[in-house]
Amino acid sequence: MPPPRGAENQQHELLRATDLPALQIYGDGTVRVHRPAYRQQAGDYELRLAPGELQRLLDTLAADGVLDYDDAATRQAKRTAEENERRAGRAFAVTDTTRSIFEIRLDSYTPAGGRPPVARLNKVIRADNVQIDAERLPAVAALGALSRLERTLLQLETRAVREGTRR
C-alpha cells in the first residue's frame with residue numbers, strides 16, 4: 001500500500017488515553033478511521049474515496065494554504081490578534097485544550113499560481129483549539145484554513161463510519 005497522504009487526530013488534555021482517534025488517507029483513496037473505545041461506534045473503519053475526491057481534497061488544501069502552512073507566522077498572527085482583543089477589552093480563556101495534529105506526506109505536488117512543483121512534502125501541523133480560535137480570531141487566515149480542514153476530515157470520518165467497512 002502507498003504511504004499515507006495524510007493523517008489527522010485530536011488529543012484532548014483531559015483524556016490521558018494512549019488510544020487516540022485517528023483518520024488516515026492514502027494515495028489510492030483509502031480512508032482508515034480509528035475510533036477509540038471511549039467514543040461512540042468505537043472501532044476501525046475503512047472507506048474508499050470516489051475517483052477525484054482525493055484530488056479535490058488536495059486542491060482544497062493547496063488553495064487554502066494548508067500545504068504552505070507556516071507555524072511561526074501563524075503563532076505571531078495569533079499573538080497579534082489576541083493582543084488586539086485584549087486592548088479592546090475582550091478577555092478569553094480555554095480551560096481544557098484540544099490539540100489537532102495534521103500530518104501531510106506527499107511525494108510531490110504542484111502549487112497554485114504557476115509556482116514550481118514541490119517534491120517530498122512532509123508537514124506536521126499541531127494546533128490547539130482550532131475551531132474556537134478560528135471563530136474568535138477570524139483575521140488569522142491560517143486558523144480558518146485549519147478549521148475548514150478539520151471540519152472536512154471530521155465529516156469524512158463520520159462518512160467512513162456510516163458507509164465504510166468495519167475492520
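The values are calculated or read from the model by the stated rules, or taken from the named source; none is laboratory data. Because the structure is a prediction, the values reported are computed rather than measured. Every residue, glycine as well, gets a Cβ built from its backbone with ideal geometry; the counts of neighbours run over all protein chains shown.
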| task | Could you tell me which residue of segment 67-93 is surrounded by the fewest Cβ atoms within 10 Å (Cβ to Cβ), considering only residues that are aliphatic (A, V, I, L, M) and assigned to a helix (DSSP H, G or I)? | result | Ala72
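Condition check: farther than 17 Å from Ala160 by Cα and at pLDDT below 90. Does Pro3 satisfy that? Step through it out loud before you land on a result.
Details: farther than 17 Å from Ala160 by Cα: yes; at pLDDT below 90: yes.
So Pro3 fits the description; yes.
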| message | Checking Glu46 against (1) in contact with a strand residue (DSSP E or B) (Cβ under 8 Å, 6 or more places away or on another chain); (2) buried (at least 16 other Cβ atoms within 10 Å of the Cβ), only one condition comes out false. Which one? | response | (2)
| message | Exactly one of these conditions fails for Leu14: (1) at pLDDT 70 or above; (2) exposed (fewer than 12 other Cβ atoms within 10 Å of the Cβ). Give me its number. | response | (1)
| request: Can you give me the number of residues within segment 98-113 that are surrounded by fewer than 11 Cβ atoms within 10 Å (Cβ to Cβ) and either in contact with a strand residue (DSSP E or B) (Cβ under 7 Å, 6 or more places away or on another chain) or assigned to a strand (DSSP E or B) (or both)? | output: 1
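Does any residue of segment 118-133 turn out to be of a type in the set (A, V, I, L, M) and part of a loop (DSSP other than H, G, I, E, B)?
The initial filter retains those residues of segment 118-133 that are of a type in the set (A, V, I, L, M), namely 118-119, 121, 124-125, 127, 130, 132.
Those left that are additionally part of a loop (DSSP other than H, G, I, E, B): none.
Checked against the condition, which is being of a type in the set (A, V, I, L, M) and part of a loop (DSSP other than H, G, I, E, B), segment 118-133 yields no hits at all.
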| query | Scanning for something at pLDDT 95 or above and in contact with a strand residue (DSSP E or B) (Cβ under 9 Å, 6 or more places away or on another chain), does segment 75-97 turn up at least one residue? | reply | no
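Does Val33 satisfy being touching a Phe, Trp or Tyr at 6+ places or on another chain (Cβ under 7 Å) and either of a type outside the set (Phe, Trp, Tyr) or touching a residue at least 60 places away in the same chain (Cβ under 8 Å) (or both)? Break it down into steps so the answer makes sense when it comes.
Values: touching a Phe, Trp or Tyr at 6+ places or on another chain (Cβ under 7 Å): yes; either of a type outside the set (Phe, Trp, Tyr) or touching a residue at least 60 places away in the same chain (Cβ under 8 Å) (or both): yes.
Yes; evaluated as a whole, the condition is true for this residue.
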| So, of the residues in segment 112-167 that are in contact with a Gly (Cβ under 9 Å, 6 or more places away or on another chain) and small (Gly, Ala, Ser), which turns out to be farthest from Gln76 (Cα to Cα)? | Ala145
| note | Here the residues within segment 128-167 that are surrounded by 20 or more Cβ atoms within 10 Å (Cβ to Cβ), in contact (Cβ under 8 Å) with a residue 40 or more places away in the chain and small (Gly, Ala, Ser) are Ala142, Ala145, Ala160
